[in-house]
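The values are calculated or read from the model by the stated rules, or taken from the named source; none is laboratory data. Computed from a predicted model, the values in this text were never measured in an experiment. All Cβ positions, glycine included, derive from the backbone under ideal geometry; neighbour counts span all protein chains shown.
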Amino acid sequence: MTTKSQIPLLRMLAALAVAVLLAHPSPGASIGDIFEFRLQAETDPGWIPGNPENIYGEASLEMASELGPHGQPGLILTMDTTNLVPGDAYTMWAVIFNNPDACPDGCNGPDLGIPEVEGALIFTTGKVVEAASDVFTAFLELDHPVGEVAIGADDRGLTNLRAEVHGVLRSHGPASDNPDILDQQLTTFAGGCATFGEGGAVNPDSGFICHDPQAAILTPIPEPSSGLLAAIGIAFWRFTRRPKSKS
């Protein structure tokens, strides 16, 4: 039984536990800035780098609280951003490094070619934006990509819930009035793009060179940290189990 003399200490322990939870929220999220990534060149169809000091919004990677449509756990990727072009079509892609420990010096694009990294580039979602600000959200389910797998990981996409994930927004230009082309703009990597390669333009009828204006780096979601709360629990248990004074 808790005595009146114990109540102040119990209240202090409870307050400390609440303070710890507020300072260290429940694990299950990785947060990163959305920065200017790769822009369309004016005279050259190749990529030119953006400016990572230009920050447009915030991205997050969270453990999903429910299972996906195939009954597997997964991650929720969200990009809440600005500096978009109203009326344009955008897709969000997940660059996944399933084994980030195999990246030699931090994970980046070239590491997708390292087999041990188990990298993948997968489609997540797409939309026509109506304003300069918008939010893109997608469920990344283990072993079940929702659409095109442009690169690797045995076409399974996400295979590790502790993967490092980079979110990338891809611009496909003004939304087409042709529903077939619009569907491609919203679901495929080269949809609606005058994509250039070694053989020239892939879609010569398109005057738009698709590019990736924004990206975010989301490191693996941290493991739960319960050491301090465990210590509080032990102190609480020891205090409540103290033998009563005989005096």
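General observations
- Residue match in region 66-75 (condition: in the same structural domain as E116 (by TED's automatic domain parsing) and within 28 Å of A132 (Cα to Cα)): yes
- Test: residue in region 205-221 that is out of contact with any helix residue (DSSP H, G or I) (no Cβ under 9 Å at 6 or more places or on another chain), surrounded by 15 or more Cβ atoms within 10 Å (Cβ to Cβ), over 20 Å from E36 (Cβ atoms) and at pLDDT 65 or above: yes
- Pairing residues of region 60-75 that are more than 22 Å from I217 (Cβ to Cβ) with residues that are assigned to a loop (DSSP other than H, G, I, E, B) and hydrophobic (A, V, I, L, M, F, W, C), at Cβ distances under 8 Å and at least 6 apart in sequence or on separate chains, gives G68/L142; Q72/L142; P73/A64; P73/L67; P73/L142; P73/L161.
- Tally, over region 174-196, of residues that are modelled with pLDDT of 95 or more and crowded, with 21+ Cβ neighbours inside 10 Å: 2
- Output for region 66-100, where each listed residue is small (G, A, S) and under 15 Å from the mean Cα position of the chain (by Cα): G74, A94
- One residue stands out in region 92-117 among those that are in a strand (DSSP E or B) and among the small types (G, A, S): the one that is surrounded by the most Cβ atoms within 10 Å (Cβ to Cβ), namely A94.
- Annotation note: Cβ proximity below 6 Å between a residue of region 161-177 that is of a type in the set (D, E) and a residue that is modelled with pLDDT of 95 or more and surrounded by 24 or more Cβ atoms within 10 Å (Cβ to Cβ) (sequence gap 6+ or interchain) occurs for E164/F97; E164/C107.
- Any hit, region 75-91, residues being modelled with pLDDT under 95 and more than 15 Å from P213 (Cα to Cα): no
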